[in-house]
Amino acid sequence: MHCISTLKTTTAICLVACFALCASAQPCYDISGWDIPFDIAYDDDNNLMVTGRTDGGLLFLRIGLFGETLAQAALPVGQHPDGYSMTEADEDTYIIGGSDYLYGEPGDNLPFLLKVDSMGNELWRRTFLTASERHPSPIARHIIRNAQEEAVYVATIDTVWMIGYDGATLAVRSAEEMGMGIGSLYSYDMVKTPGGIAVLTFFNTILHFDENLQFLGSSMLNVSFRNLYSFYAVPGGGFLIGGQGEELKWKVVKVDGQGATQWERTYEFPNYSWGYPRDIGAYEDGFLLVGSLARINPYGFCPIMVKIGADGSPQWLKLVSNCDTNNALDAFAIHPEYNLIYVAGRKYCAPGSINLDAYVDIADASPTIILSGKETVGEAVFELFPNPAKDEAHVILPGELPAGPWQLHLYNTAGQLALRRQEAGNRLTFDTGALPPGLYLLRVTDGQRAFSRRLVVE
């Protein structure tokens, strides 16, 4: 069940009633049994795209910035398909990269690309191995879009491909052609770089290609992980690699463009032990990691977001959702204009449920635990009342925060800026009487920290 109506003609009364039912809950999406998202991104129309796995097939989900469902489906792509990455292709069509697990059968891991329309209907499918091939075939976690060439890049066990939006092969680079031997890539992940793409392999190598898939060389890494989970191209040069170190602790390494280590950090967090750092990316003056950590006492698996500095130093930890045995946080995307953090994960949404549902939510940057002495916010609480509002609304920020000045931005469901104010202090007031009734998103920031919350105007 979804918290926000999908009808574009929904009245303000319906929005108010619906918001009242789920104001403290994350929008959940019950698609087909166990629903697990692996990737979240934006399309050109400012909607969110999510893909992953369900009991019924490949997970396809397209939602608005306020959580409203635009399309959802469990696609019967194969026996046990996983959607790793999703990108928009031409207008109102999407390409999903993933792998079909056949569990011990010949070719037990078949990489594929799938093109669908805006409702999730299959347009074409491309599989990169035949069922007669018996070796396992990893696929890079992300597919990368090249809008100019109307193509995407995908990396498999021994080959990197450029595939057009129509499914045609535009360029191919094999491991043998690059002088690395047949089957020696075992591609783990792929990222976009200023001049092309880079592929991370299981053998501690980064492969560099230009936009036409010409091979530019490789970088050997002098780092070790128990398990790899995330790969990120840092603006300005270099890469971040995230995974598990010793005792399955979160670990992040930054390397330069030639693969030389610039810093390496293993993280330990109060009251948490081992976990999975699933996704990593730039945020403000440093980086965000999202994933899951096992809580020590009482035991539970907790969806977590961690902010680290440019040197890898831990700054704060945010508990994003409640802890449970199978709850997790899998990916995030930061809105390029509003700087809002959208997270995607899985949880038991309904009380007593035995099936995991996918959830997507806006995560504010108010810490649950401060990990360094650089901030003194503590457990920040952002109060917004009345909600629903009629003539005016009030914001109360924690008293220990600086006095600002604070920028207030209010966005409507189309992503348009409806109101902008600047005020100082910890009690802020703004008028809502002239605003059209409906659902809005309020963002408050002083340039160093930001808080976001939904607001209903009657």
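Neighbour counts of other C-beta atoms within 10 Å: give me D357, D92 arranged from fewest to most.
D92, D357
Using Cα-Cα distances under 8 Å and only pairs 6 or more residues apart, what relative contact order does the chain have, in percent?
10 percent
Normalising by the residue count of region 383-457, find the relative contact order in percent from Cα pairs under 8 Å and 6+ residues apart.
Over region 383-457, the number comes to 34 percent.
So, counting K/R as plus one and D/E as minus one, what does the shell of residues with Cβ under 10 Å around A198 add up to?
My count for the surroundings of A198 gives 0.
Would you indicate which of [x] 37, 31, 20; [y] 37, 26, 17; [z] 37, 26, 21 is the value of semi-axes √(5λ) of the Cα gyration tensor in Å derived from the coordinates of this structure?
Here semi-axes √(5λ) of the Cα gyration tensor in Å agrees with entry [z].
Out of region 171-229, which trypsin sites (Lys or Arg not before Pro) are coil in DSSP terms and have no more than 14 other C-beta atoms within 10 Å?
Counting only loop positions with at most 14 other Cβ atoms within 10 Å, the trypsin sites (Lys or Arg not before Pro) in region 171-229 are R226.
What ranking do M220, M162 get, fewest neighbouring Cβ atoms within 10 angstrom at the top?
Ascending Cβ contact count within 10 Å gives the list M220, M162.
Kindly rank 47-57, 267-277 from highest to lowest mean number of other beta carbons found within 10 Å of each residue.
Ranking the peptides 47-57, 267-277 by packing returns 47-57, 267-277.
For region 174-241, run through the GluC sites (Glu not before Pro) and keep only the ones in DSSP coil with at most 15 other Cβ atoms within 10 Å of their Cβ.
Hits after loop and neighbour filter: E176, E177.
Give the aspartates and glutamates reachable from K115 as a straight Cα distance under 17 Å; neighbours fewer than 8 places away on the same chain don't count.
D39, D43, D44, D82, E88, D90, E91, D92, D100, E149, E150, D166
In degrees from 0 to 90, rounded to the nearest 10, what is the angle of the helix 12-22 Cα long axis to the longest principal axis of the chain?
The helix 12-22 is inclined about 70 degrees to the chain.
Counting Lys +1, Arg +1, Asp -1, Glu -1, what net charge surrounds T266 among other residues with beta carbon under 15 Å of its beta carbon?
Every neighbour counted, the sum reads 0.
Neighbouring Cβ atoms within 10 Å as the yardstick, rank I396, I370 fewest first.
I396, I370
For the pairs K254/K307; K318/K390; K318/K347; K251/K307; K192/K347; K249/K318, note any where the Cα-Cα span goes beyond 22 Å.
K318/K390; K192/K347
Read the figures in this text as sums done on the coordinates, not as results from a lab. Quick caveat, the model's predicted, so the values are computed rather than measured. Ideal geometry is used to build each Cβ from the backbone, glycine not excepted, and the neighbour counts take in all protein chains shown.
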